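> Before we start, here is the structure in question, set down as structure tokens.
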Amino acid sequence: MTALKTRESIPNMVFYIMSDQPDCCPKCQTRLDFVEEIMIDDAHVFVKFCDECQREVLIVED
């Protein structure tokens, strides 16, 4: 089993829910690049990055 990196939960942290469609930035709608999978509060979180906005987007499975 692979050990995932963990991060502390930040108050007001926003998680987006994964869908069947390609993951896109909620701000500019550019496709996101996969960075890593981490654990936050015992949940698997996919960290994706928007090159256009230069920001991380955190995505969880429903």
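The values are calculated or read from the model by the stated rules, or taken from the named source; none is laboratory data. Not measured: the values here are computed from a predicted model. Ideal geometry is used to build each Cβ from the backbone, glycine not excepted, and the neighbour counts take in all protein chains shown. Side chains included, ligands, DNA and RNA excluded: accessible areas come from the protein's heavy atoms. Shrake-Rupley method; radii C 1.70, N 1.55, O 1.52, S 1.80 Å.
> Would you work out the relative contact order for the chain, in percent, from Cα pairs under 8 angstrom that are 6 or more residues apart? Don't skip to the end; give the middle numbers.
Details: 102 pairs, mean separation 21.3, N = 62.
Relative contact order of the chain: 34 percent.
> Note the listed values (1) 32, 26, 20; (2) 55, 21, 20; (3) 47, 38, 22, then indicate which one is Cα extents along the principal axes in Å calculated from this particular structure.
Here the calculated entry is (1).
> Report the label-to-label distance for Met39 and Glu52 in nanometres (one decimal), using points 7 Å from each Cα along the Cα→Cβ vector.
3.5 nm
> For the chain, give the share of DSSP beta bridges that are antiparallel, in percent and rounded to the nearest 5; count only bridges with both residues there.
Values: 13 of 18 bridges.
The answer is about 70 percent antiparallel.
> Per-residue counts of other Cβ atoms within 10 Å, averaged by peptide: what ranking do you get for 35-44, 50-59, highest first?
On the way: 35-44: 12.3, 50-59: 14.5.
Averaged packing, sorted descending, gives the order 50-59, 35-44.
> Enter the accessible area per residue of the chain (Å², integer; probe 1.4 Å; all protein chains in place). Walk me through the numbers on the way to the answer.
Numbers: 4770 Å² over 62 residues.
Spelled out: the 1.4 Å probe surface of the chain, per residue, equals 77 Å².
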